[in-house]
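Reading through the structure tokens given below for one structure.
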Amino acid sequence: MRSSREEEATSEELSTMGQDLEEPPGGCSHGDQIHSVSVSLPIGQERAGPEEAVRSDVASPPSMAELAAETPSGRKAVFPTDLTLQLLAVRRKSGLRSPSLQQALRSRLRLLENDSREVARVLGELSARLLSIHSDQDRIVVTFKTFEEIWKFSTYHALGFTHHCLENLLVDQTFWLLSPSEEEETAILMWTLRVPWDPIDESMDGPGTPDAQLMGLGLASAVGDFQGSGPEEMSFCVGDVIEIIGAQVPGLPWCVGRHVASGQVGFVRTGLVSMQGPASDLESAIFLSEEERSFFRSEGHFSDEDARRLLSRTSCTDVCTTCSLDWLEEAEGEQLEQQEPHETLHMVKDILERCKACPDHPEDPVSWSLGEVSNRVSSPDLEEPPFCLDPEVDWTDPEPLDSLLQVLNAPGYEAHFRGLYDISLPWLSTALCGFDDEEELAGCLAQARGVAKKVNLGMALARLCLLLGRLCARKLKLSQARVYFEEALGALEGSFGDLSLVAAVYTSLATVYLKQKNGEKCVQVAPKAAALLLGTPGHAYSTDTELLKYALRRAICGLSPQAEARACFLLARHYTHLKQPEEALPYLERLLRLNRDVGTPQASWPKDCYLLLADIYGRKCLPHLALSCLRVSSLWTRCSLASSLRSVDLVLRNAPGPNSQRRANHRLPTQIAYYLRKALASLTPGTGQALCGPLYASLAQLYSHHQQHNQAIAFMSQAAEADTAAGIYPVVDRLVALAWLHMLCGKNLVAMDILKSILDAAVANKDQECVMTNMVAMALKRTGRTRQAAEGYFRALHMAYSQGHLKSQAVVLANFGALCLQAGARSLAQHYLREAVGLFSQLPSSVCGRDFTQVLLWLGQLCTRRALHQQAKCYYEWAFLVAVEMDHLESQLQAVQKLCHFYSKVMPNEVRCVIYHEFQLALARRTADKVLEGQLLEAISQLYLSLGTERAYKSALDYTKRSLGIFIDLQQKEKEARAWLQAGKIYYILRQNELVDLYIQVAQNAALYTGDPKLGLELFEAAGDIFFNGTWEREKAVSFYRDRALPLAVTIGNQEAELRLCNKLVALLSALEAPQEGLEFAHEALALSITLGDRLNERVAYHRLATLHHQLGHGELAEHFFLKALSLCNSPLEFDEETLYYVKVYLVLGDIIFYDLKDPFDAAGYYQLALAAAVDLGHKKAQLKIYTRLATIYHHFLMDREMSLFFYQKARTFASELNLRRTNLVPQRFCGRTPWLAPGYPS
């Protein structure tokens, strides 16, 4: 009999049945520490098994029972929620740390530290919250807000998803293209550091975890007597042998068994039997039938049609189907190209001969041997005949009613009963098809029930009551449904002949009790229903979700990982059957986690389970988790061909970033290379050999898209050899693609030989001949044979016209125009390019958008060269619009770069230049090109700086700071130093003086950090230029020039820079009225000018020396150096500026002689020389000034009245011409030196 203790436990368990599962299955300790874990994250190709993919020193999380033992009552523990991820780079083969790889990893982290949005997205998928990134310490710190986040993160980490997510984030895309034979394989190790812990919690650990309970299979021996309380409960005595039907589940008080001696089948009290054969492994405990074992395979099978569709997407290229535009860069030294060894040509000819020898192939596609699983494991719904009731039959007639009752009274399970038991199927419209009115259906069933009850047909009565009860439950008539279910249970009278019927009745009745909150009845029925669900196969479809969750709780409380895994599997299958895969997600995760902890590595089902999980992650928009799931699946067991191809398909759907395959014109993600190689490795003789060619071609296209043409050539050659049995036309496509790859490598002679071999073999169709003729003409053009290239284009154009292929016509015309442009025939080139544009404009941009954009850019360049600027602008903007319409990033970048150059150099327009630079910046961010982004930010800053307004200066400062952040992340110290200095310059313009010195100092430190003296010299001089070219604090420039830049220039021996700095110092000290200090640098500048033989700088040095001596009052020295400067002038004078220089210098000399040396006679001579130069120049103001001074000198000092009057009259004449009302013939400067000339002086 049932003990009171067991009854009490069951009541407590049932009290939670009405609640949803708030925590993930399996439970986790609130006292769990997050231990240190080391995880291998490969940089090279990873070929290790699952035991090498994840190495952990953490045991599986404690179960819920351990929590109660470990957590003291009445005490609330506080646990840390921050976690540090330490990233280390090591060599895989040697296991030693790699400083170079660590630096590369640190550089990547530095970029992510500046823009952490992508890291936050990845960690968000892992249920963690980014707290901070410390690139200098190679650390990422995450935190958690809820226990559910901690649980999910620990699950993902245990499954190996964490480090693979970071792998996809941190490594470069080219990593996936590394071949397995790479000599230096590398790995990134991620260490989860243990956080500080409360010592009190450590000292209060409870008892150890008890041994895990195993599910029982096979025979059991009774260890006590038991008398059943009903016909469904088996009675037995001590020593009786009982055969367990299905399995005995720990944590459940009942199981189903058969008494070996009596043959009775019924519920067995598990506490009174001892199992003789526990489940040996997890797989045998999870799957109790072949149908269950094949569930994951049937859910994720990949058919031949799926494979064809996938590989046609990855292996096909437009190069083989339509003419290609010649937009390759001109190869240098093409005329010196040497022919490759003859192996390539021999290989091509051998392939063509073998194809000719092969018989014609039928049009039906060859089987790829991928449909075995789908054929072997078909849906039971399709195999089982439906159970139908004909609404046209008169059910009052006893004959059809008797026939129905005889069918329903079958003692055992029959295939057509499945629709009656499965509540997830639309049985009202399928199993009982034809009845649109439920009331009519219920009436027919009630009539049949009455007859079955009268004639005592128990099994028919049970099945009819089950149907009537479910109809009532459908209408929420729970009390009426309960009556029918109880009647069905009574009609069974303990019979277990139809185990599916028994399970359906018990689960339906327990569900009604649960919804009615009938605890007393639930205690009696629910444990038995759970035993039927978990312990026997094939009944999960006939139950409600709440019962499965109850069974999961009982399995967890039973401390049985096998039972927990079984419950998780049933819940996942149940939700998948209901087309609710997102609800199945946590149970699939827990199932895989349990398999990692207690499963066997030889099991094959986890591979398919991982693929199903990846598919669900993709539907939930969790691309990084999906890719990580695929990676772990590939490392767990040896991948099959179908699973590898399905992985490729899932990568194409989930690859994040601009390379995702949401649009056909984007590149293939490099992650598929790993799975394509796996697919090739899984091929065996006679299995999927027809896939070799498409797989090799897919790899060739992938490597070609990523500019690794040599590897692409090798793969395409293998694809051509593998496809010889597929027919001649596929082989020709492969060979044409091979020739194109050789052209991409600049091997045009080899490409021509391949194409000519195909043409000579006469095996290509018309379309292929047109493509090859165009390609041969391109190769001829690139080898300098212009005439033969023109003839080839003409033949290709004629073929395209005859076939009516509009795109090929447009492409060939554009190629013809490019050939004319190369030959210098610009008018003819413009004509053909315009013809091509006319044809392209008739086609949709999705078909020809990239080629159309390139042709428009060619036309824009051509019009720019011919000074047709308005037309060039139209073509450039048209190209930009086409690129935007088709959303092709590369074409948009090309077009916007041309527009930026056009509006900055050809037709300067600052506003449009800024707009297009801003758009180019947005494109650089979409492509994640940090180098280009930094350059554009720098350029936009300069554009705003040139506008000259305060608002523009602030915008320039903002862009400069953003570029500075990128340069710091990229470790480009030279650009970083310049950006610091640029920011300081803008702060100087904005008069924020307190920040100017700070930014300049940091710029100098960054320059000195590089150890490049040339950069330091450049930065010191540029820092001085900020103050030198400004209007305040100019004296600060002296220290930069004199104390820092000049000694550095002397040290490195840069005399040009030394001369330039001396000149700047002389000019600056002269302006600062410090001529004595400037003399030293002026003499140094003079000496350097003579040494360098620079006459212009020598003349400048003499002039500045003269100016300094003049400021110091050294008249004779000033006169000497001015005359030396004049002696170095060109003779005769060539420019007006030189004549004006003579005027100014002779005026200054006259002033020096007259005022400083008190020699009016010599002064008059210099003034007259200045006058001669002014007359020659026609400078009236200068002549007026000189005539005035000469008149004064001759009148007051030389006492020549006649000459004085002459100069006076000349001065009056120029004054009247210049509209000067009155001219003071005695300048105030004269009055200062000669007071007797001042007006009003007493005579």
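Descriptive notes on the structure:
- Selection within the stretch 502-546: residues that are within 43 Å of the chain's Cα centre (by Cα) and part of a helix (DSSP H, G or I). The member of this set that is surrounded by the most Cβ atoms within 10 Å (Cβ to Cβ) is Ala540.
- Among the criteria (1) of a type outside the set (Gly, Ala, Ser); (2) part of a strand (DSSP E or B); (3) surrounded by fewer than 20 Cβ atoms within 10 Å (Cβ to Cβ), the one Cys255 does not fulfil is (3).
- Conditions (1) under 27 Å from Cys1062 (Cβ atoms); (2) surrounded by 15 or more Cβ atoms within 10 Å (Cβ to Cβ): number failed by Asn1130: (2)
- Among the residues listed as Glu1058, Glu1134, Glu1080, Glu1073, the single one being closer than 26 Å to Ile1026 by Cβ and assigned to a loop (DSSP other than H, G, I, E, B): Glu1073
- Test: residue in the stretch 962-971 that is under 30 Å from Lys873 (Cβ atoms) and either touching a residue at least 24 places away in the same chain (Cβ under 8 Å) or more than 33 Å from the chain's Cα centre (by Cα) (or both): yes
- Residue check for Ala415: closer than 17 Å to Thr507 by Cα and either at pLDDT below 75 or within 52 Å of the chain's Cα centre (by Cα) (or both): no
- If you go through the stretch 993-1019 and keep only what is farther than 17 Å from Leu1046 by Cα and among the polar types (S, T, N, Q), you end up with Asn993, Gln1001, Asn1005, Thr1010.
- Residue satisfying all of: in the stretch 99-122; among the acidic types (Asp, Glu) and surrounded by fewer than 17 Cβ atoms within 10 Å (Cβ to Cβ); modelled with the highest pLDDT among these: Glu118
- Test: Ser941 is surrounded by fewer than 16 Cβ atoms within 10 Å (Cβ to Cβ) and either in contact (Cβ under 8 Å) with a residue 24 or more places away in the chain or under 30 Å from the mean Cα position of the chain (by Cα) (or both): no
- Boolean, Ala1006 is closer than 23 Å to Leu1108 by Cα, in contact (Cβ under 8 Å) with a residue 24 or more places away in the chain and hydrophobic (A, V, I, L, M, F, W, C): no
- Residue match in the stretch 574-588 (condition: surrounded by fewer than 24 Cβ atoms within 10 Å (Cβ to Cβ), touching a Ser or Thr at 6+ places or on another chain (Cβ under 6 Å) and among the small types (Gly, Ala, Ser)): yes
- Evaluated against (1) of a type in the set (D, E, K, R); (2) in the same structural domain as Lys973 (by TED's automatic domain parsing); (3) assigned to a helix (DSSP H, G or I), Arg991 falls short on exactly one condition, (3).
- Applying the set (1) more than 28 Å from Leu1149 (Cα to Cα); (2) of a type outside the set (Ser, Thr, Tyr); (3) in contact (Cβ under 8 Å) with a residue 12 or more places away in the chain; (4) part of a helix (DSSP H, G or I) to Gly1030 leaves exactly one unmet item: (4).
- Subset of the stretch 795-833 (residues that are of a type outside the set (S, T, N, Q) and free of Cβ contacts under 8 Å to residues at least 12 places away in the same chain): His798, Tyr801, Gly804, Gly824, Ala825, Leu828
- When Cys1062 is tested against (1) of a type outside the set (S, T, N, Q); (2) modelled with pLDDT of 90 or more; (3) in contact with a Pro (Cβ under 9 Å, 6 or more places away or on another chain), exactly one condition is not met: (3).
- Only a single criterion out of (1) surrounded by 14 or more Cβ atoms within 10 Å (Cβ to Cβ); (2) within 27 Å of Asp1156 (Cα to Cα) is not satisfied by Asp1094, namely (2).
- Flag if Lys145 is modelled with pLDDT under 80 and surrounded by fewer than 20 Cβ atoms within 10 Å (Cβ to Cβ): no
Listed here are the residues, each with its yes/no results for (1) over 21 Å from Ala1085 (Cα atoms); (2) among the charged types (D, E, K, R); (3) under 60 Å from the mean Cα position of the chain (by Cα).
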site: Leu1108; (1), (2), (3): no, no, no
site: His1114; (1), (2), (3): no, no, no
site: His1120; (1), (2), (3): no, no, no
site: Glu1138; (1), (2), (3): yes, yes, no
site: Asp1156; (1), (2), (3): yes, yes, no
site: Gly1178; (1), (2), (3): yes, no, no
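- Counted residues, the stretch 456-497 - those being out of contact with any helix residue (DSSP H, G or I) (no Cβ under 6 Å at 6 or more places or on another chain), within 23 Å of Gly266 (Cβ to Cβ) and in a helix (DSSP H, G or I): 3
- Elements of type helices (runs of 4 or more DSSP H) in the stretch 579-641, at least 2 residues being farther than 19 Å from Ala565 by Cα and in contact with a Pro (Cβ under 8 Å, 6 or more places away or on another chain): 605-619, 623-636
- Each residue in the stretch 258-293 was checked for being buried (at least 22 other Cβ atoms within 10 Å of the Cβ), part of a strand (DSSP E or B) and among the aliphatic types (A, V, I, L, M), and 2 of them qualify.
- Within the stretch 479-495, the set of residues being touching a residue at least 24 places away in the same chain (Cβ under 8 Å), on the phi < 0 side of the Ramachandran plot and surrounded by fewer than 17 Cβ atoms within 10 Å (Cβ to Cβ) comprises just one member, Ser479.
- When the stretch 863-877 is limited to residues that are assigned to a helix (DSSP H, G or I) and among the basic types (Lys, Arg), the one that is nearest to the chain's Cα centre (by Cα) turns out to be Lys873.
- Of all residues in the stretch 682-696, those that are modelled with pLDDT under 80 have Cβ atoms under 8 Å from Cβ atoms of residues that are assigned to a loop (DSSP other than H, G, I, E, B), 6 or more apart or on another chain, in Thr687/Ser369; Gly688/Trp368; Gly688/Ser369; Gly688/Leu370; Gln689/Leu683; Ala690/Val366; Ala690/Ser367; Ala690/Trp368.
The values are calculated or read from the model by the stated rules, or taken from the named source; none is laboratory data. Treat the numbers as computed from the prediction; the structure is a model and nothing was measured. FYI the Cβ positions are ideal-geometry reconstructions off the backbone, even for glycines, and counts take in every protein chain you see.
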